[in-house]
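The structure appears below as structure tokens.
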Amino acid sequence: MRCRIAAVLVVMILVASSATGAEEAAVTLRLWNSDLFSDARTSEHSDGLGPISIVGARNGAFSGRVIVESPAPIKGLRASVGELTMAGAELPSENVLVRYAVAWDRNSGRYRPGGLDILLESPPAEVPTSSGRAMAAVWLTVRVPHDAKSGTYSGSMMVEAAGLSPRVIPVEFEVMDWTLPATQDFRTWVGMIQSPDSLALEYEVPLWSEQHWQLIAKSFGYMKEVGCRNVYIPILCGTNFGNEQSMVRWVKKGEYEYTYDFSIMDKYLDVAERNLGTPKMVTFQVWELYLAERSLERSVRTEEVRAARQALMGKGPRVTVMDPETGEMERVYLPRFEDPKSKTLWQPLFAELRKRMQRRGLEETMMLGMVSDVWPSKEEVAFLDEVSGGLPWASHAHPGRLQGKPAVGNKLLHKIADMGYQAHVYDLGYQVNPDESRHYGWRNPALVVRFARNGWPNSSSFLQMRLLPAFNITGDQRGVGRLGADVWYVIKDKRGRRVGAVYHRYPDANWRNLDIENWVLAAGPEGPVATARFENLREGVQECEARILIERALLDSAKRRQLGDELAQQCRELLDERQRAMWKSIWSNEEELNSLDVIHARHPIEAIWHALTKEKGKELPGYWDGIARKMRSEEEAKGRVWFAASGWQARNQRLFALAGEVEERLGITEDEAHSDSP
């Protein structure tokens with residue numbers, strides 16, 4: 001396998017001298033192969049340019065890339081590829097996508113992602129220099145049809161640029177004999193947040209215009225590809241998600257008497273179902289922390305936030321009220337939930353919501369939101385439990401309260417209402433050495449996932465985004481949540497710098513360091529586009545699905561007997577090998593890794609650090625000391641280099657091959673394989 005071919009093509013081009021403009025100097029335009037996750041800025045280059053080599057499975061999407069570098073701006077970069085073929089079969093050209101990875105500009109905001117991250121769908125007119133050089137990556141992504149034949153397909157990609165004669169690069173794609181489930185049958189949970197207001201502001205289109213709906217559809221389409229299955233419906237306006245309007249418009253009939261306009265909510269769910277698929281969780285946002293007196297002391301980022309909340313003390317939930325004659329919108333504060341008048345406002349609303357969701361077959365997906373570090377009061381929970389008919393709540397918070405609890409009947413909210421979903425930060429469980437024990441977070445009955453706060457998904461390496469789902473499903477979590485999809489910074493200052501996200505418009509609803517400070521999509525010229533982090537996450541989820549299929553067979557005694565000892569042993573050895581390689585990508589000392597079993601913290605490397613110091617007595621500097629930060633950065637850099645050279649692609653080849661062999665040995669049809677997906 002040519003898993004990672006580091007190579008370079010040197011081509012002489014002429015550019016104007018920056019010193020006088022009178023001289024011409026020869027400079028080099030270099031191309032080399034790279035895996036999807038290595039840091040292109042530090043790649044070593046050798047002679048020649050090898051084939052792009054990709055391994056994948058049916059019904060998935062898999063990528064390869066080539067780096068392009070020049071000391072001068074890169075102009076006229078473009079690439080093309082035709083169909084990939086083998087004897088008696090082909091992968092059609094429409095299934096092969098070429099994109100151009102460029103870096104975020106310096107004005108992209110506080111949590112600007114690093115690396116060649118934005119995947120443009122059309123060639124950039126020019127790639128500018130930064131720190132003395134221009135860099136881009138040509139990404140080749142193949143969507144493998146559901147009915148593709150297994151085998152090795154061949155083709156070529158042509159890359160051109162100003163001053164560069166067209167260069168033909170061979171492409172080899174090995175399709176393994178296994179078929180991924182449909183993305184909405186994935187067992188790995190990926191919870192993303194779509195932001196209609198971000199798209200409206202970014203592309204300067206009216207809310208809920210036809211152009212706006214097209215942009216929303218594109219975001220949902222990307223979210224579908226990683227198996228996202230949640231939708232958020234704000235019944236309030238000005239929430240932590242940054243929505244200017246509530247999706248249900250309240251239409252006033254008289255004092256404390258309203259009817260409801262569901263047209264926007266219905267259209268949003270229509271667009272979601274067409275482009276995302278059937279949701280597994282639909283959260284209706286009916287509570288926000290500015291309603292709680294405790295919010296004056298908790299989750300306060302600035303004095304501006306405190307003052308904004310102070311001004312709302314005593315007010316009830318805010319909603320968008322529509323004048324039925326003029327169509328004009330007004331923000332109105334309803335009576336507080338404790339007020340007896342509230343029941344006649346909210347009970348009819350929930351009755352109609354249930355009818356509409358039932359007609360869609362989505363009544364069982366309904367949840368209430370949103371619990372953060374600040375909870376609604378006992379009285380508020382009791383009221384909303386009554387008028388909603390006992391719907392469970394969703395929570396995005398620091399502490400984890402749902403772990404180890406039953407999915408139904410946990411009554412975690414004041415012993416009144418269930419918590420049905422939690423994305424949390426603290427005390428996440430990870431399992432290091434499979435010889436000590438094995439954990440299967442993907443089969444946790446409660447929907448508990450990791451919330452990677454403070455912009456981690458933006459600042460993380462591409463490799464760690466790829467491994468993010470695997471770290472969790474081999475631990476105690478079902479996956480990841482509270483990932484921003486298109487929630488990039490859209491608010492700009494007078495100089496055009498991106499300084500805020502849509503929720504910054506509503507300081508009373510800011511959640512301090514629980515705000516959504518990450519995004520896995522980017523603003524393309526004509527709509528949201530994917531990022532390199534998104535594509536690595538997607539491939540990581542696909543790998544998890546193969547793992548889960550194999551583990552389900554190993555954990556069922558009857559199915560394991562059907563596999564036979566030899567195949568079962570091969571499966572177990574490969575899964576354990578993958579788990580060890582995952583941990584070695586962040587910590588190089590194998591002896592120390594082998595000494596650890598289940599460890600807990602906010603994320604894997606912090607869990608290692610705390611376990612070694614507190615449980616094993618290893619002397620390490622304080623976790624937040626400067627020297628500790630440097631050590632962690634060096635460990636992760638070493639881990640990326642090691643992982644890239646460790647045969648990761650060969651491990652994927654064996655993983656998909658074994659998944660196919662397990663299905664064949666058990667005689668499992670696709671419907672049977674995924675019949676109990678969550």
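Computed from the coordinates by the stated procedures, all read-outs in this text should not be read as laboratory data. Worth saying up front: this structure is predicted, and the values here are computed from it rather than measured. Heads up, the Cβs are rebuilt from the backbone with ideal geometry, glycines too, and the neighbour counts pull from every protein chain shown.
For the chain, find the longest principal axis of its Cα atoms and tell me its angle to the long axis of helix 378-388, 0 to 90°, nearest 10.
Once rounded, the angle reads 80 degrees.
What's the angle, to the nearest 10 degrees (0 to 90), between helix 648-666's Cα axis and the longest principal axis of the chain?
70 degrees
Using Cα pairs under 8 angstrom and six or more residues apart, how large is the relative contact order of region 183-546, in percent?
20 percent
For region 505-643, what class follows from the C-alpha gyration tensor (a ≥ b ≥ c being the square roots of its eigenvalues): rounded when a/c is under 1.5, otherwise prolate if a/b is larger than b/c, else oblate?
oblate
Take the alpha carbon atoms of region 289-303, find their center, do the same for region 609-670, and report the distance between the two centers in whole angstrom.
39 Å
What is the fewest-to-most order of F643, F262 by other Cβ atoms lying within 10 Å of their Cβ?
F262, F643
Taking K638 as the anchor, which lysines have their alpha carbon closer than 27 Å to its alpha carbon, excluding any fewer than eight residues away along the same chain?
Those lysines meeting the cut-off are K584, K614, K616, K618, K630.
How high is the relative contact order of region 291-332, given as a whole-number percent (alpha carbon pairs under 8 Å, six or more residues apart)?
Across region 291-332, relative contact order equals 32 percent.
Which peptide among 364-373, 166-175, 585-594 comes first, and what is the full order, when sorted by highest mean count of other Cβ atoms within 10 Å?
364-373, 166-175, 585-594
Tell me which lysines have Cα within less than 23 Å of K343's Cα, excluding those fewer than 8 residues away on the same chain?
Excluding near neighbours in sequence, the set is K252, K253, K315, K355, K378, K411, K415.
For region 51-58, just list the computed ³J(HN,Hα) in residue order, Karplus coefficients 6.51, -1.76 and 1.60, θ = phi - 60°, integers in Hz, with x standing in for Gly and Pro.
x, 7, 10, 10, 10, x, 9, 4
So what's the gap between the Cα centers of region 255-271 and region 500-520, to the nearest angstrom?
Here the two parts' Cα centres lie 25 Å apart.
Modelled label-to-label distance, V332 and Q358, 7 Å Cα→beta-carbon offset: nm?
2.7 nm
What relative contact order, as a whole-number percentage, does the chain give when Cα pairs under 8 Å and 6 or more residues apart are counted?
14 percent
Can you give me the Cα centroid spacing of region 49-117 and region 362-376 in angstrom?
39 Å
Return the FRET efficiency for the residue pair H504, L555: r is the Cβ-Cβ distance, R0 is 45 Å, and the value is rounded to the nearest 0.05.
0.45
Rounded if a/c is under 1.5, else prolate if a/b is larger than b/c, else oblate: which is the chain, with a ≥ b ≥ c the root eigenvalues of its Cα gyration tensor?
It comes out prolate by the Cα gyration axes.
How far apart, in nm, are the 7 Å Cα→Cβ label points at E255 and E592?
Placing both labels 7 Å beyond Cα along the Cβ direction yields 7.0 nm.
Once both axes come from the Cα atoms, what is the angle between helix 343-360 and the longest principal axis of the chain, in degrees from 0 to 90, rounded to 10?
Around 40 degrees separate the two axes.
Round to the nearest 0.05 the FRET efficiency obtained for R106 and D427 when R0 = 30 Å and r is the Cβ-Cβ distance.
It comes out at approximately 0.25.
Could you derive backbone 3J(HN,Hα) for region 235-249 from the dihedral phi with the Karplus parameters 6.51, -1.76 and 1.60 (θ = phi - 60°), listing whole Hz in sequence and x where the residue is Gly or Pro?
Here the 3J(HN,Hα) series is 7, 9, 10, x, 8, 5, 7, x, 7, 5, 10, 7, 6, 9, 8 Hz.
When a/c is below 1.5 the answer is rounded, else prolate if a/b is larger than b/c, else oblate, so apply that to region 96-188 with a ≥ b ≥ c taken from the square roots of the Cα gyration tensor eigenvalues.
oblate
List the lysines whose Cα sits under 16 Å from the Cα of K218, skipping any in the same chain fewer than 8 residues away.
K267
Using only DSSP helix segments of four residues or longer, with each worth -39500 (n - 2.57), what per-residue ellipticity at 222 nm results for the chain after dividing by its residue count and rounding to 500?
Value at 222 nm, helices only, nearest 500: -9000 deg cm²/dmol.
For an R0 of 25 angstrom, estimate the FRET efficiency from the Cβ-Cβ distance between S437 and Q562 and round to the nearest 0.05.
0.50
Would you calculate the separation in nanometres between label points at M313 and V408, each defined as 7 Å from the Cα along the Cα-to-beta-carbon direction?
About 4.2 nm, to one decimal.
Given the peptides 73-79, 527-533, arrange them by the average over their residues of other C-beta atoms within 10 Å, most packed first.
Order by mean packing, descending: 527-533, 73-79.
Pull out the extension gain between K630 and T613, defined as 0.36 nm times the separation in residues minus the alpha carbon to alpha carbon distance; nm, one decimal.
That works out to 4.4 nm of additional length.
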